[in-house]
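The values are calculated or read from the model by the stated rules, or taken from the named source; none is laboratory data. What you see is a predicted model; the values in this text were computed from it and never measured. With ideal geometry, Cβ positions are generated from the backbone for all residues, glycine too; neighbour counts draw on all protein chains shown.
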Amino acid sequence: MTKKVLVSGIQASGRLHFGNYFGAMKQNVALTESGEYESFVFIADYHALTTLKDRDSLSKATSEIVASYMACGLDTKKVALFKQSDVPQHTELATIFNNVVTVPYLMRAHAFKDHEAKNKEVNVGLFDYPVLMAADILMYQADIVPVGSDQKQHVEYARDIAGFYNRAWGVDYFKLPKEYILKDVATVPGIDGQKMSKSKGNVIPLFEDEEELKKAVMGIVTDSSTPDDKKNPDENIIYNIHKLFLDDSQNSELRNKFENGGYSYKEAKDDLLKTIIDWRKGKKDIYDGLINNPEKIKEILKEGGEKAKKKATETMHDVRLQTGLDF
Ligand code: ADP
Ligand code: TRP
C-alpha cells in the first residue's frame, strides 16, 4: 500500500517554543511514528532569509530545530529531516510557479498585508513566500501539512497553486494538499496571552536553560485576583498553557483548583514549571548532547537531504517534461 505523504517545515529564525511544539512538532512526530505516512520534515532556511541576515543566527537556529526534533522523538529512520536549501529543486519549482501566480493574488497574503500595515519594507522574498512554500509542499505531493492555524492561508495558497499549474499545462499532476490543524492547539497563547511567537518575545522556550525557562513561566501575565478568589480557567493564561500537557483527568483536577479558589498564581506558576521540567526529562539531555555535536547534526541533515532530493529530482523531471523545459 502506498503511504500518504506528510510535509511540514519550520522557519529557522529563532529559538523553538511550545507554540511550535504543540502546533506542529508533536503532530509531526506522532504521525511519523504511526507508520502511515512518508514524512518530509524540514528547516525552512531560505524562508528565514526573508527576515534574517545573520550567518551565526541562521546556523544556530538550524541546529536547534534538528536537536529539538530529535529530542522530541523524531526518528530519522522514518523521516527525511532536511534543510530546504540542501534541495535547490524547491527554488526551481517556485520559479516555475511564479509564472502562474499574479501580483494581486499574492497581495492578499496575511504576512504581506501585516508588513504593509506596519509600513515595513517588503522584500521580494517575503512577497513570494507563499510561492516557495507551495513548492515545498507540492514537491513531495503532500496529502497533509501539519501546522498551527496561522499557516492555514499558506496551505490554501499551495492548494490553489497546484490547481493553477495543473490547468496551465493541462495536466492532472500536483495533488491538492490539506492543512492538518488540531483544534485545541491551533493557537497556543504566549506569556502575554497573545499568540506565542518568536517575533513577539512572549515565548516559553523548549530547551533553554532552567533559569530562562523559569523566567518565562514566572513572567506570565496575571490579573489582580487574590489567592482566595475563584478563577475562571478558560480565561487564564497559566491554565491555557498548562492544560496542553495534561490528560483528561489531570486537566479536570487543574480546572477544579482554579474554580474552587485558594489557588494562588504563584502556586499555579510553580505547578506549570514543574510540569514543563518533567516534560523535559530525558529530552533535554538528548538536546544538549546534539547541540554540542554539530558534526552529528550535519550528518543527520545530509542523510535527510539525500532522501528528499531523490523525490524532488523525480518531481522536477516530470515538471520539465510537462512544461517543455526538458528539450
Ligand atoms: P513563529 O510564529 O514563532 O515564528 P513559525 O512561524 O516558525 O513560528 O512556526 C512553525 C510552526 O509552528 C508552524 O506550523 C506554526 O503554525 C506553528 N506555531 C507557531 N506558533 C504557534 C502557536 N502559538 N500556536 C500554534 N502553532 C504555532
Ligand atoms: N511558513 C511556515 C512557518 O512560518 C514554515 C514553512 C515553510 C512550512 N514551508 C513550509 C510549513 C511547508 C509547512 C509546509 O511556520
All-but-one check, Thr32 against (1) assigned to a helix (DSSP H, G or I); (2) in contact with a Lys or Arg (Cβ under 9 Å, 6 or more places away or on another chain); (3) within 20 Å of Tyr129 (Cα to Cα); (4) among the β-branched types (Val, Ile, Thr), failing number (3)
Discussion item. Any residue at all in the stretch 179-196 that's in contact with a strand residue (DSSP E or B) (Cβ under 6 Å, 6 or more places away or on another chain), in contact (Cβ under 8 Å) with a residue 60 or more places away in the chain and among the aliphatic types (A, V, I, L, M)?
Written reply: yes
Practice prompt. Consider Thr2 carefully, then state whether it is within 12 Å of ligand 1 (Cβ to nearest atom) and part of a loop (DSSP other than H, G, I, E, B).
Written response: no
Screening Ala61, Ala134, Ala109, Ala48 for residues that are touching a Leu at 6+ places or on another chain (Cβ under 7 Å) and surrounded by 14 or more Cβ atoms within 10 Å (Cβ to Cβ) leaves only Ala48
- Query: Just wondering, is there one or more residues in the stretch 284-295 that are surrounded by 14 or more Cβ atoms within 10 Å (Cβ to Cβ), closer than 24 Å to Gly14 by Cβ and of a type in the set (Asp, Glu)?
  - Reply: yes
Output for Cβ contacts, cut-off 6 Å, separation at least six or different chains, first residue assigned by TED's automatic domain parsing to the domain that holds Asp270 in the stretch 248-260, second surrounded by 13 or more Cβ atoms within 10 Å (Cβ to Cβ) and part of a helix (DSSP H, G or I), reads Asn251/Lys243; Arg255/Pro233; Phe258/Pro233; Phe258/Tyr239
Of all helices (runs of 4 or more DSSP H) fully inside the stretch 70-173, the set with 1 or more residues that are in contact with a Gly (Cβ under 7 Å, 6 or more places away or on another chain) is 129-138
In the set Leu31, Leu6, Leu93, the lone residue that is of a type outside the set (Phe, Trp, Tyr), surrounded by fewer than 21 Cβ atoms within 10 Å (Cβ to Cβ) and either near ligand 2 (Cβ under 10 Å from one of its atoms) or modelled with pLDDT of 95 or more (or both) is Leu31
Q) Yes or no: Ala67 assigned by TED's automatic domain parsing to the domain that holds Glu306, more than 16 Å from ligand 2 (Cβ to nearest atom) and surrounded by 18 or more Cβ atoms within 10 Å (Cβ to Cβ)? A) yes
Is there a residue being within 28 Å of Lys309 (Cβ to Cβ), assigned to a helix (DSSP H, G or I) and either over 17 Å from the mean Cα position of the chain (by Cα) or without any contact (Cβ under 8 Å) to a residue 40 or more places away in the chain (or both) anywhere in the stretch 197-204? no
Quiz item: In this structure, is Ala12 closer than 21 Å to Lys200 by Cβ, at pLDDT below 95, of a type in the set (A, V, I, L, M, F, W, C) and within 14 Å of ligand 1 (Cβ to nearest atom)?
Solution: yes
Worksheet item: Quick check: is even one residue across the stretch 103-123 in contact with a helix residue (DSSP H, G or I) (Cβ under 7 Å, 6 or more places away or on another chain), more than 10 Å from ligand 2 (Cβ to nearest atom), in contact (Cβ under 8 Å) with a residue 60 or more places away in the chain and within 16 Å of Ala44 (Cβ to Cβ)?
Response: no
So the helices (runs of 4 or more DSSP H) completely within the stretch 252-327 holding 1 or more residues that are over 30 Å from Asn232 (Cα atoms) and at pLDDT 95 or above are 283-291, 294-323
Check the stretch 142-155 and report whether any residue there is more than 14 Å from ligand 1 (Cβ to nearest atom), closer than 30 Å to Lys311 by Cα and in contact with a strand residue (DSSP E or B) (Cβ under 6 Å, 6 or more places away or on another chain).
yes
When restricted to Asp75, Asp45, the only residue of a type in the set (Asp, Glu) and within 12 Å of ligand 2 (Cβ to nearest atom) is Asp45
